1. For helix 50-62, what angle does its Cα long axis make with the longest principal axis of the chain, in degrees from 0 to 90 and rounded to 10?
2. Under 30 Å Cα to Cα from K143, which lysines show up? Leave out anything in the same chain fewer than 8 places away.
3. Can you give the three extents of the C-alpha atoms in the range 43-111 along their principal axes, from longest to shortest, in whole Å?
4. Using per-residue counts of other Cβ atoms within 10 Å, averaged over each peptide, order 191-200, 61-70 from highest down.
5. Hey, rough spin-label estimate for S159 and I20, points 7 angstrom out along Cα→Cβ, what's it come to in nanometres?
6. How large is ³J(HN,Hα) for each residue in the range 120-134, as worked out from phi by the Karplus curve 6.51 cos²θ - 1.76 cosθ + 1.60 (θ = phi - 60°), to whole Hz, x for Gly and Pro?
7. What is the extension gain from D112 to A183, computed as 0.36 nm multiplied by their sequence separation minus the C-alpha to C-alpha distance, in nm to one decimal?
8. To the nearest 20 debye, what charge dipole does the range 66-225 have about its Cα centre, counting +1 at the Cβ of each Lys and Arg and -1 at the Cβ of each Asp and Glu?
Amino acid sequence: MTQAAEISTAPPPRHDEILIAIREMIFTGELIGGQRVPEKMICQQLSISRTPLREALKVLASEGLLELLPNRGARIARLTASLVDEMFPVMGALEGLAGKIACQRISDDGIDEIRALHYQMAAHYKRGELGEYFGLNQQIHEKIIAATGNATLAGMYTSLAARIRMARYRANFSQPRWDQAMAEHDEILSALTERDGPRLTGVLSKHLKNTCETVKAVIAGGETG
């Protein structure tokens, strides 16, 4: 069997893999806010047809990451200061409440899992590996939400998470903010370990507020799409 034949028999990416790949393009700035989605390029890059791509675009539109254009494809969502001002206070309230509940309900094993992720994340921070750092960062926030055992809270969080994630990633392009965020995560782990709900609520709320201000400064400077 030739190499070409072997390549042609490889299974196509699954739906969730396509979503992950396109989200990564958006979060890292490979696809810029306001830009039309380059469907042909993405199809070639992911070795998929237009049909699974367009199904993925519908999901990403529901997450607020892009806008579907009637008969004209899709366009990457543009972050604005007003949108950030709308989203972050809501997410801050959700994460603050999650911190309070998580401190009451999380198991010792659950804290150990978050601690392990935190130390891995800190190692990537020290090496300046933003992508790897950011992936672990999101896992920590998601585990705190999951530790609440509250499906309603988790559902509300998920509905905002994708758009917030794009803003959070862009905020860490600023080295001072990245340094500050890492220090805040040290505080998050400390408060969670001590099961200090009020303290964790305050730290998480401050964490979101500081990210919000950084994102708005980046937008004002014209560094986002």
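1. Around 30 degrees separate the two axes.
2. List returned: K58, K100, K126, K206, K209, K216.
3. Taking the Cα atoms of the range 43-111, the three principal extents are 49, 34, 17 Å.
4. Averaged packing, sorted descending, gives the order 191-200, 61-70.
5. For the pair S159/I20, the computed spacing is 2.7 nm.
6. Karplus-based 3J(HN,Hα) across the range 120-134 equals 5, 4, 4, 5, 5, 4, 5, 8, x, 9, 5, x, 5, 4, 5 Hz.
7. Here the answer is 23.7 nm.
8. Dipole magnitude for the range 66-225 comes out near 520 debye.
Where a number appears in this text, it was derived from the coordinates with a stated rule and is not lab data. Just so we're clear, the structure is a prediction, and the values are computed from it rather than from any experiment. FYI the Cβ positions are ideal-geometry reconstructions off the backbone, even for glycines, and counts take in every protein chain you see.
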